Amino acid sequence: MTTGNPMAAPAAERHAAIVGAGPAGSAVSEILSKAGIAHDLFDEQPRAGGNIGRRRFDAPPQAPEGAPLCRYHASTRVLSASPERELTWDDGDAIHRQTYDAVFLCAGAYDGMLPREGRFDTWCAAGSLQALLKGQGIVPEGPVLIAGAGPFLHIVAADLARAGAKVAAVVDALPRLAYVNLLPYALPVLGNIGIMRDAQRVLRGSGVPVQFGRRVATLARDHAVTDRGERIDFAIAGISDWFAPQTQLARSAGCAQEWSDTGRYFITSVDDAYRTDREGIYVLGEGAGVRGGPHARLSGLVASLAWLEAVGHPAPPGHDRHALERQARDVAAFGQALEAAMTKRDVIASGEAWACACERVPVAAVRDAIDQGLEDLSSLKIVTRCGMGSCQGRYCEPVVGRLIAERHRTPRAPLTQKVLARPLDVGELIRRG
Ligand SMILES: Cc1cc2nc3c(=O)[nH]c(=O)nc-3n(C[C@H](O)[C@H](O)[C@H](O)COP(=O)(O)OP(=O)(O)OC[C@H]3O[C@@H](n4cnc5c(N)ncnc54)[C@H](O)[C@@H]3O)c2cc1C
């Protein structure tokens with residue numbers, strides 16, 4: 001176990017840890033390797049790549065490329081991070097703990113749906129369909145509806161169509177004009193336009209109807225009705241209305257959180273170099289705001305270079321941190337404009353729908369509590385039970401936050417993160433403790 005002041009440790013004895021082997025964590029690993037610093041990289045997936053680069057379950061376990069000094073802990077869940085940079089992880093056999101000089105939290109984001117009346121096993125997040133397809137090779141049987149808001153819907157639908165799924169329709173709340181308005185922000189990320197065009201080409205070629213500027217007004221077990229009154233039958237509906245960063249580990253480390261008006265989620269407060277208010281703890285990639293893959297990689301380069309500078313370790317040649325920071329800001333502007341366009345179209349109308357599906361708390365109950373003057377998530381949790389279920393608020397917090405924002409108020413504080421960032425049953429804890 002290592003402890004101590006990151007500023008005081010000699011270079012050869014420095015220990016760094018990265019959680020998450022997506023584009024952000026892989027970029028950190030690349031820079032640390034080039035700087036000659038051995039480091040631990042944890043991912044609960046067996047293979048590096050994160051959400052964009054997710055590979056099939058039968059691909060061999062693999063660390064990120066170009067990072068020879070990386071000790072890759074595959075299929076290993078990091079359960080918590082402490083303010084003193086101690087990580088606790090579960091490798092399937094035992095629970096381990098170690099303190100590091102620097103901790104880079106690159107845990108990514110997740111997608112979810114706005115509350116809708118009813119809750120059927122034929123509905124899931126569009127991201128889950130994509131994860132099942134990419135990770136397990138599972139192609140859903142029967143017609144698939146992809147609905148919600150944003151370009152991710154088109155990417156998922158195109159992936160499904162390419163794999164032979166029958167996509168019944170894509171219903172995107174963003175009108176075409178919203179995409180046109182994003183073009184000025186897209187210059188630093190022209191690749192994104194190519195990805196969207198490519199998806200449209202696949203969908204056209206597969207005869208998939210794509211509706212822009214439309215919402216699903218009614219979602220039943222096996223069909224949807226759009227706000228134009230059109231019925232769409234499906235076997236599975238993949239819905240993605242919003243994305244939110246995985247902030248649980250940063251919260252367990254006591255890193256300050258703030259409400260993002262554009263994203264409508266709580267986010268870890270970071271500076272331009274992705275430093276949190278806890279010394280030696282960095283939060284980056286989608287964990288620092290949902291800004292896309294190119295930003296995730298840039299944030300990894302910036303944060304790792306910033307740490308090397310902080311500890312007086314020479315940066316590998318050819319990397320100008322300040323230029324990368326400017327690039328990251330320009331790229332982030334696109335993600336921010338996109339999420340602002342998406343959240344502008346949020347509607348949570350029905351009081352009957354569940355704000356918290358785990359505890360079955362109706363939206364109306366949360367609205368009542370907000371009208372009593374509650375504006376922080378922990379108080380709302382006590383009064384309504386939102387956040388007490390098995391997902392521990394991961395899915396209802398962005399919804400409850402939206403309900404507060406709906407009343408033109410700013411959510412004051414997020415849910416308090418208890419020790420574990422991932423659910424672990426007591427039996428497991430005893431067996432491995
Ligand atoms: C479901 C989903 C699918 C997506 N698909 C695409 C796509 O096809 N194309 C595209 O352009 N963009 C896609 N995106 C957006 C894309 O994920 C991001 O732009 C990019 O991958 C972000 O990189 P990252 O490194 O920040 O996080 P990610 O790539 O998400 O990587 C985070 C990694 O952290 C690991 N992790 C998280 N918590 C823990 C923990 N406690 N312990 C151990 N490991 C942990 C995860 O397993 C994951 O591998 C998707 C996003 C989501 C949520």
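The values are calculated or read from the model by the stated rules, or taken from the named source; none is laboratory data. Predicted, not measured: the structure shown is a model, and the values here were computed from it. In this analysis, Cβ positions are derived from the backbone assuming ideal geometry, glycine residues included, and neighbour counts consider all displayed protein chains. Please note that ligands, DNA and RNA were not included when accessible areas were found on the heavy atoms of the full protein model with its side chains. Shrake-Rupley method; radii C 1.70, N 1.55, O 1.52, S 1.80 Å.
Listing for the model above:
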read-out: For the chain, calculated [θ]222 nm from helices alone, where every DSSP H run of n ≥ 4 adds -39500 (n - 2.57); value: -9500 deg cm²/dmol
read-out: The chain - share of DSSP beta bridges that are antiparallel (%, nearest 5); value: 45
read-out: For residue 166, solvent-accessible area (1.4 Å; no DNA, RNA or ligand), Å²; value: 130
read-out: Full-extension gain in nm, residue 256 to residue 368, via 0.36 nm per residue minus C-alpha separation; value: 37.5 nm
read-out: Exposed GluC sites (Glu not before Pro) absent - longest run of the chain, DSSP non-H/G/I/E/B, at most 13 other C-beta within 10 Å; value: 142-351
read-out: Helix runs (DSSP H) in the chain reaching 24 Å along axis by Cα, Kyte-Doolittle at least -0.5; value: 293-310, 321-344
read-out: Kirkwood hydrodynamic radius of the chain, from inverse mean 1/r over distinct Cα pairs, in Å; value: 22.4
read-out: Added length on full extension, which subtracts the Cα-Cα distance from 0.36 nm per residue, residue 315 to residue 218; value: 29.4 nm
read-out: Fraction of accessible area attributable to carbon and sulfur, region 115-240 (%, probe 1.4 Å); value: 55
read-out: Once the Cα gyration tensor of region 25-143 is diagonalised, semi-axes √(5λ) in Å; value: 31, 18, 13
read-out: Cα-based reach from residue 381 at 19 Å (exclusive), listing aspartates and glutamates while leaving out same-chain residues under 8 positions away; value: 258, 352, 359, 368, 371, 397, 406
read-out: Heavy atoms of residue 85: accessible area, 1.4 Å probe, square angstrom to 10; value: 20
